[in-house]
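Chemist: First the structure, then my questions, so here it is.
What follows draws every value from the coordinates through simple rules; no lab data is involved. Keep in mind that this is a model prediction, so the values were computed, not measured. Here the Cβ is made from the backbone with ideal geometry for all residues, glycine too, and neighbour counts use every protein chain on show.
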Ligand SMILES: Nc1ncnc2c1ncn2[C@@H]1O[C@H](COP(=O)(O)OP(=O)(O)OP(=O)(O)O)[C@@H](O)[C@H]1O
Ligand SMILES: [Mg+2]
């Protein structure tokens, strides 16, 4: 059986003043129908660019090579009109910033109803009725009455619920959630994630959950792919990866996860050093300058992603 | 809402009174006075005649007395009488204001139909040839004074093709087509000069709005670029443009004064110009009062339109 989403060897570049930036470099990942894949990595590792290129929304960036297979079609080969028919209908996306991701001059009802109006060719009145239903589903109190409200009348958490409702509107097969809770209060974060996970499961949709928080991964993901400097450095089942991380970067990320049992909600020290400048990547492993286990081979050549068994892969010379 | 408008209108009162004081005093300070002109025209020159005319026109009083008499009249709706025609100023204003209003309104329509589509186009096609052409056009319109363009439009077609724009005014209600045939040329010139800044502002704001996160959300829904712009970007981009149009209101009125002169449109601009040449103080004060009031009302309308464009303002 082939996966619902099958990204193979994807490379995306941006032309900048500092040179050509390879934001995503030969990335391969797959998401099965109904499965949750977490894409984890520090800021600037290329998570959002990977997600946006699935929807074909990376302008001014360019897909240099690779294939994005979705339900048997190659999305990179589709024209703009065909992609538009998929966006918001079969693949929906939730963004990081609930404060700025909703249009300030349109009512919530209109924004949630819009994909239904667009893809289901429904009259606005019927689309509004469905929007009210969706808002109830994401547990917005008094949903019907709030259709006519504007985004500024909602709190951050409520707006992210609205975004989830909007994403679910056309019953997509795949939902991409790009750090959906990073901008929210810690207490609200858990509620929103639980809601998102519950509703995607209920709709039997696949979820590509982007996060830089491994704590989130442990609880909500089936499988994990770890990104560093535009590449996947490790991937595998969430439980196995959590129990025994293999890549030094993953180990570092694990150490910076706050303990779930304690009161400590503050973040523990992150991995020392800076994320790499994507315009000036070294020839060897991108993580080498920060790696505690670095040796000569790491500086000489970048390790390829290497399959350890059917489910786990890692790109590190220690496991070559 | 009603309370808001009333409050705003009342707040205008001190501004208007202050502006009228400045106009009242400055008119009497510029060299040459109305009595000299009248004496010259009637071949009179004795001091006796001068005193008689001054007394008849009430100009023998000290300036502050004249002012308070005038402002007292204004508050009762009486703007005095023209020193030359002896007709009530209100009557002259009532005859000319609608004409200038029509010119301004037509110019605004021209300005918006030129500025908005080109501004949006320019933003969508940033840094293409079309964008450069549009921006150059707006720079040129910004640099060329409309009186110069007006003169060109008068002179060159008549030299080249023996055609010149209609210069005979016909009231709109008498023959709308004839009226528009006359008004359209000055309206286009005035509109074009007004469109320059509006176009640049529209372009800048659209570029700003198109970078916003909610535009990415709209695209991720699968909307076509046309719908993204029309439904999600335009209204957000237009909020500051409306302010700019309000700020340009005095420019519009100033331009109307000049173009009415060139194209012989018997509006308030022409009335003002004649009154200034003749030092017809009550008429001048009356025109400025109306202009000032007009500018303030336009700004009030701009503020009100925010409520419609921006829900955040509406809920405050
Ligand atoms: N529009 C752009 N122009 C130029 N470079 C870009 C652009 N968008 C992304 N990049 C480059 O791609 C890199 C990866 O960006 P991306 O947004 O995917 O990171 P991310 O992993 O999502 O980080 P974050 O956690 O901060 O969201 C950035 O560091 C940047 O160099
Ligand atoms: Mg991101």
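Chemist: Please check: in the Gaussian network model of chain A (C-alpha springs, under 10 Å), which one of A:80, A:42, A:234 has the largest mean-square fluctuation.
Modeler: So, out of A:80, A:42, A:234, the one fluctuating most is A:80.
Chemist: Working from the pairwise distances between different alpha carbons, so that the mean of 1/r is found and then inverted, what is segment B:100-277's Kirkwood radius in Å?
Modeler: Evaluated on segment B:100-277, it is 17.8 Å.
Chemist: Going by C-beta contacts inside 10 Å, put B:124, B:9, A:5 in order with the fewest on the left.
Modeler: Listing B:124, B:9, A:5 from fewest to most nearby Cβ atoms yields B:9, B:124, A:5.
Chemist: Let me ask something else about it. Measure off 7 Å from each Cα along the Cα-to-Cβ vector at residue A:274 and residue B:95, then give the distance between these two points in nanometres to one decimal.
Modeler: Result for the modelled spin labels: 7.7 nm.
Chemist: Can you pull the one-decimal nm distance between simple spin-label points at residue A:182 and residue B:37, each 7 Å off the Cα toward Cβ?
Modeler: About 7.1 nm separates the two model spin labels.
Chemist: When the label point is put 7 Å from the Cα of residue A:222 along its Cα-to-beta-carbon vector, which residues of segment A:16-58 have a backbone N closer than 15 Å?
Modeler: Output list for this probe position: A:30-39.
Chemist: Of A:206, A:82, A:286, which is the most mobile in a GNM of chain A whose springs link Cα atoms less than 10 angstrom apart?
Modeler: A:82
Chemist: Can I ask one more? Taking the alpha-carbon centroid of each part, what is the distance from segment B:197-256 to segment A:232-256 in angstrom?
Modeler: Here the answer is 47 Å between Cα centres.
Chemist: Using Cα pairs closer than 8 Å and at least 6 residues apart in sequence, work out the relative contact order for segment B:100-277, in percent.
Modeler: Dividing the mean separation by the residue count of segment B:100-277 yields 32 percent.
Chemist: Count the DSSP beta bridges whose two residues both fall in chain A, then state the antiparallel fraction as a percent rounded to the nearest 5.
Modeler: Beta bridges within chain A, antiparallel portion: roughly 60 percent.
Chemist: On to the next question. So how far apart, in nm, are the two label points at residue A:83 and residue A:136 if each is 7 Å from Cα heading toward Cβ?
Modeler: Modelled inter-label distance: 3.7 nm.
Chemist: Normalised by the number of residues in chain B, what is the relative contact order in percent for Cα pairs under 8 Å and 6+ residues apart?
Modeler: In percent, rounded to a whole number, it is 25.
Chemist: On alpha-carbon atoms, Rg over Rh for the protein assembly as shown using Kirkwood Rh?
Modeler: 1.16
Chemist: If we count other beta carbons within 10 Å of each Cβ, what is the order of B:136, A:45, fewest first?
Modeler: B:136, A:45
Chemist: Show that you can apply the helix-only estimate: for chain B, add -39,500 (n - 2.57) for every DSSP H stretch of four or more residues, divide by all residues, and state [θ] at 222 nm to the nearest 500.
Modeler: Mean residue ellipticity at 222 nm (helix-derived): -26000 deg cm²/dmol.
Chemist: Over chain A, what is the relative contact order in percent, taking alpha-carbon pairs closer than 8 angstrom and at least six residues apart?
Modeler: Reported relative contact order: 20 percent.
Chemist: Go ahead and estimate [θ] at 222 nm for chain A from helices alone: -39,500 (n - 2.57) per DSSP H run with n ≥ 4, summed, over the residue count, rounded to 500.
Modeler: -9000 deg cm²/dmol
Chemist: Helix B:89-124 against the longest principal axis of chain B: what's the angle in degrees, Cα atoms only, rounded to the nearest 10?
Modeler: Between helix and principal axis, roughly 20 degrees.
Chemist: Considering only C-alpha atoms, what is the centroid distance from segment B:123-140 to segment A:268-304, in Å?
Modeler: Using only Cα atoms, the two centres lie 45 Å from each other.
Chemist: Measure nothing fancy, just the Cα-based angle from helix A:124-137's long axis to the longest principal axis of chain A, in degrees from 0 to 90, nearest 10.
Modeler: 60
Chemist: Return the single residue from B:185, B:114, B:229 with maximal mean-square fluctuation; model: Gaussian network over chain B, springs between Cα atoms under 10 Å.
Modeler: Between B:185, B:114, B:229, it is B:229 that shows the largest mean-square fluctuation.
Chemist: I'd like the distance separating the alpha-carbon centroids of segment A:4-44 and segment B:273-304, in whole Å.
Modeler: 64
Chemist: Same structure, new question: How far is helix B:281-309 tilted, in degrees, relative to the longest principal axis of the Cα atoms in chain B, given as a value from 0 to 90 rounded to the nearest 10?
Modeler: Approximately 20 degrees, to the nearest ten.
Chemist: Which of B:199, B:268 comes first, and how do the rest follow, when ranked by fewest Cβ neighbours within 10 Å?
Modeler: B:199, B:268
Chemist: Now for a separate question. Pull up the DSSP beta bridges for the protein assembly as shown and report the antiparallel fraction as a percent, rounded to 5.
Modeler: Taking every DSSP beta bridge with both residues in the protein assembly as shown, the antiparallel ones total about 60 percent.
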